[in-house]
Amino acid sequence: MKTRITDLYGIEHPILSGAMAFVSLPPLVAAVSDGGGLGSLANGILPPEGLRAMIQATRRLTSRPFAVNFITQFATDEHIDVCLDEAVPFVEFFWTHPADTFVERLKDKGVKVAMKVATVADARAAVAAGVDAIIAQSSAAGGHTKGKIGTFALVPAVVDACGDVPVIAAGGVADGRGLVAALALGAEGVVVGTRFLATPEATIHPEYQRRILAGGDEDIVLTSIFGPEWPSQPINCLRNRIVDEYRGRDTETPPQPEPPVSIGTTKLGPETYTMPKFSAILPTPETDGDFEEMCLTAGQCTPLVNDVVPAAEVIRRIVTEAEALLRGRLAV
Ligand SMILES: Cc1cc2nc3c(=O)[nH]c(=O)nc-3n(C[C@H](O)[C@H](O)[C@H](O)COP(=O)(O)O)c2cc1C
């Protein structure tokens, strides 16, 4: 299955793993790239030297290329320096438009830049800035989402707006049906996030993973209650006690209680972090605390995620199913 996206990234299959702050770390990134897709290393809130360590750790696990993903607000000139020093071939930006200087500096050194957008206007702005690919992320996606519309409407609208720039669909793709549908909508590849949370390589707490496997179609809620660390940002989450408590008030960002309340502890790099109430930090194996209070982000494809299998097997299944579907279609 060759598309301009497989050519752009030099990969076998048009499947990119969604960068996932805290959980798509070197083991998952390397496993996706080794599986013939493109792994994406989430910078999240890492400082530049933390990013460098992650890039080097990923390189120790795979010789294949991978991308570095920035939530733009947390990216600095020093982060761009690290990508250039480490000769990272692909960089993605998410949430807000990056500074023109970021894109220029990367492109000057031959780094391919993608921008993840949720609207046609943002896609046009990214094309004007000269990006190499657009990731159209719909309201179905796991993680923080600005998307107001679903994948079926967003992707073709973005494709129509992007001229020659290839588009990758993100949001709701968990199997071969999703890949074929995305290709039919004009995308040339897919970003898969939530499905990769159910892999042994994801750096995810087993209880969070268990809840994803158990999650059904009525269990995902878009809410802004989480995030003293990054306030007032909507995120698709699994329902738990705290999400249910705020149903109907999902756009509110509740104040921190006085005196402060902690919902658990986790590790951020070498530091132990006391998670405040409404913390948006995702539970990793190093997290301890009350899962009924935590931010357990997952996308609307959660009901399609029913087993934990290696990342390479996720890719193999998606490709096998998509190829069978495409052959079936051609035979009709
Ligand atoms: C746990 C989690 C964390 C995420 N963190 C980021 C991030 O740091 N940067 C980013 O661009 N997207 C982030 N995303 C979005 C994914 O990269 C991807 O676009 C999305 O998961 C695709 O939709 P899907 O979950 O329906 O497959 C995150 C998603 C999840 C599930």
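For the ranges 36-48, 260-272, what's the packing order if you count other beta-carbon atoms within 10 Å of each residue, average per peptide, and put the highest first?
Highest to lowest by the protection proxy: 36-48, 260-272.
So what J values fall out for the stretch 224-236 if you push phi through Karplus, 6.51 cos²θ - 1.76 cosθ + 1.60 with θ = phi - 60°, rounded to Hz, Gly and Pro as x?
Whole-Hz 3J(HN,Hα) from phi for the stretch 224-236: 10, 6, 8, x, x, 6, 7, x, 6, 10, x, 9, 7.
Hey, could you grab the Kirkwood Rh for the stretch 216-297? Inverse mean 1/r over distinct alpha carbon pairs, Å, one decimal.
The Cα-based Kirkwood calculation yields 12.9 Å.
Can you give the helix-only mean residue ellipticity at 222 nm for the chain, where every DSSP H stretch with n ≥ 4 adds -39500 (n - 2.57) and the sum goes over all residues, rounded to the nearest 500 deg cm²/dmol? Don't skip to the end; give the middle numbers.
Values: 12 runs with 115 residues, N = 332.
Mean residue ellipticity at 222 nm (helix-derived): -10000 deg cm²/dmol.
How high is the relative contact order of the stretch 216-297, in percent, counting Cα pairs under 8 Å that sit 6 or more residues apart?
Once normalised by length, the contact order is 31 percent.
Using all Cα-Cα distances in the chain, what percent lands in each 10 angstrom bin from 0 up to the longest?
Percent of Cα pairs in each bin: 6, 28, 37, 23, 6, 1, 0.
Take the alpha-carbon centre of the stretch 295-332, take the same for the stretch 1-73, and report the distance between them in whole Å.
For the stretch 295-332 versus the stretch 1-73, the Cα centre distance is 19 Å.
Using packing as a proxy for protection, rank 55-67, 142-154, 16-28 so that the peptide with the highest average count of other Cβ atoms within 10 Å comes first.
16-28, 142-154, 55-67
Which of K2/K107; K116/K146; K116/K148 have a Cα-Cα distance over 20 Å?
Among K2/K107; K116/K146; K116/K148, the Cα-Cα distance tops 20 Å for K2/K107.
Report, by chain and number, residues whose modeled amide H sits under 5 Å from the one on V191, excluding near sequence neighbours (fewer than 5 apart, same chain).
The answer is L16, A169, A170, G171.
Would you kindly derive the ³J(HN,Hα) couplings of the stretch 156-168 from the backbone phi angles with the Karplus curve 6.51 cos²θ - 1.76 cosθ + 1.60 (θ = phi - 60°), listing them in order in whole Hz, with x for Gly and Pro?
3J(HN,Hα) across the stretch 156-168, in whole Hz: x, 5, 5, 4, 4, 8, 9, x, 7, 7, x, 10, 10.
Using the Karplus curve 6.51 cos²θ - 1.76 cosθ + 1.60 with θ = phi - 60°, what ³J(HN,Hα) values do you get for each residue of the stretch 19-30, in whole Hz, with x for Gly and Pro?
Per residue, the Karplus-derived 3J(HN,Hα) values read 5, 9, 3, 6, 10, 9, 9, x, x, 6, 4, 5 Hz.
Determine, for each peptide in 135-141, 315-321, the mean count of other beta carbons within 10 angstrom over its residues, then list the peptides with the highest first.
My ranking of the peptides, most packed first, is 135-141, 315-321.
What ranking do D175, D307 get, fewest neighbouring Cβ atoms within 10 angstrom at the top?
D307, D175
All of the numbers you see were taken from the coordinates with simple rules; none came from a lab. Please read all numbers here as calculations on a predicted model, not as lab measurements. Backbone-built Cβ (ideal geometry, glycine too); neighbour counts: all protein chains shown.
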